[in-house]
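Below you'll find the structure, written out as structure tokens, and then a few comments.
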Amino acid sequence: MGSQEIIKIEDDFTLIRFQNDGLETFNAQREVSSGLIQFHFGLKGSAKFIFNQGNYALDLKEEKSLLLYNPQKELPLNLELAPNSWVISVIISIKKFHALFSSEADYITFLSGENKDKKYYNEGNISPSMAIVLSQLFHYNLHPSIKNLYYKGKGYELLSLYFNRTEDPNAEQCPFLIDEDNVMKIRKAKEIIIANMAEPPGLQELADEIGLNLKKLKMGFKQIYGDTVYGFLFDYKMDFARKLLDSGSYNVNEVGLKIGYSTGSHFIAAFKKKFATTPKKYLMSINPNT
């Protein structure tokens, strides 16, 4: 089931959370007038931005960002969000944005004198410190009365980190250095469990391998990925199983074995828990002739 939550922070500053935890592609559309800058951040899965009545598309992958700006024409937001994907978008007016950097406008490439009236596009990586803020925007637990203030602070923090990426990451004054080191270790933990999903290591073994204590591994993983290590792995395995079934190259038992289930019944029960249907019924729904 896909959803979008629009948070109007100020008159010309909006934050949108797109979330698709369903099995179908989720489409979201929104008018965006000219003179607004769009920042899009891929937290999980993949998305596609469609332009010019479908004649042009830009992909947004996991842990990637897109900056879009066209002062000459409107760039309406037409998003195709793949299953199991999350995106956060920040839309801010050029006027407000320019005011943030009024004394340092030349530091931001597309605000410099020769560029300020030109269209601008940039794809980049999401840094570890940005990943922390993005995950906080998805996994906050706050009283509704301070929600807007929280989003406002995080929105500006995200923009400041976005434009800080050219700084020396080893500079002593960088306040996120310790966090960034830990985030890189947590990402390594994610890569390890995915690479060994059929026989994943125990939590203590995983903590030892990445060089973090068990408590930091658990807390950090939940903070960045919004789930426990094995909760994340379960979701990943089920989505991987679904893709294997989609390919038509494997039967139900073969898929179960590939992701670490020694018996078909255990795999069927797990798949049903995630998708509310059995693998066989799922196969029949995508190919009625099976």
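Structural remarks
- Computed over the range 231-286: relative contact order in percent, which uses C-alpha pairs under 8 Å that are six or more apart: 30
- Packing-based exposure ordering (other Cβ within 10 Å, fewest first) of GLU31, GLU180: GLU31, GLU180
- Cα gyration tensor shape of the chain, rounded if a/c is under 1.5, else prolate or oblate by comparing a/b with b/c: oblate
- Selected from ILE268, ILE126, ILE92 as most flexible by GNM, with the chain as the system and alpha-carbon contacts under 10 Å: ILE268
- Amide H within-cut-off set for ILE126, under 5 Å, with H built and near neighbours excluded: LYS64, SER65
- Prolate/oblate/rounded label for the range 10-50 (Cα gyration tensor, a/c 1.5): prolate
- Each listed q (0.19 Å⁻¹) maps to a log10 I(q)/I(0) for the range 171-283 from the Debye sum over equal C-alpha point scatterers, namely -0.94.
- ³J(HN,Hα), Karplus 6.51/-1.76/1.60, whole Hz, each residue of the range 122-129, x for Gly, Pro: 8, 10, x, 8, 7, 6, x, 5
- Against the main long axis of the alpha-carbon atoms of the chain, helix 264-275 sits at an angle near 30°.
- ³J(HN,Hα), Karplus 6.51/-1.76/1.60, whole Hz, each residue of the range 187-196, x for Gly, Pro: 5, 4, 4, 4, 5, 5, 5, 5, 5, 10
- Residues whose amide H falls under 5 Å from that of ASN27, counting only those 5 or more places apart or on a different chain, are LEU81, with hydrogens built in the peptide plane.
- Backbone HN-Hα couplings from phi across the range 237-252 [Karplus 6.51/-1.76/1.60, Hz, Gly and Pro as x]: 4, 5, 5, 5, 4, 4, 5, 5, 5, 4, 5, x, 9, 9, 8, 4
Since every read-out is calculated from the coordinates, none of them should be taken as a lab result. Source: prediction; values computed, not measured. Cβ atoms come from the backbone with ideal geometry, glycine included; neighbour counts cover every protein chain shown.
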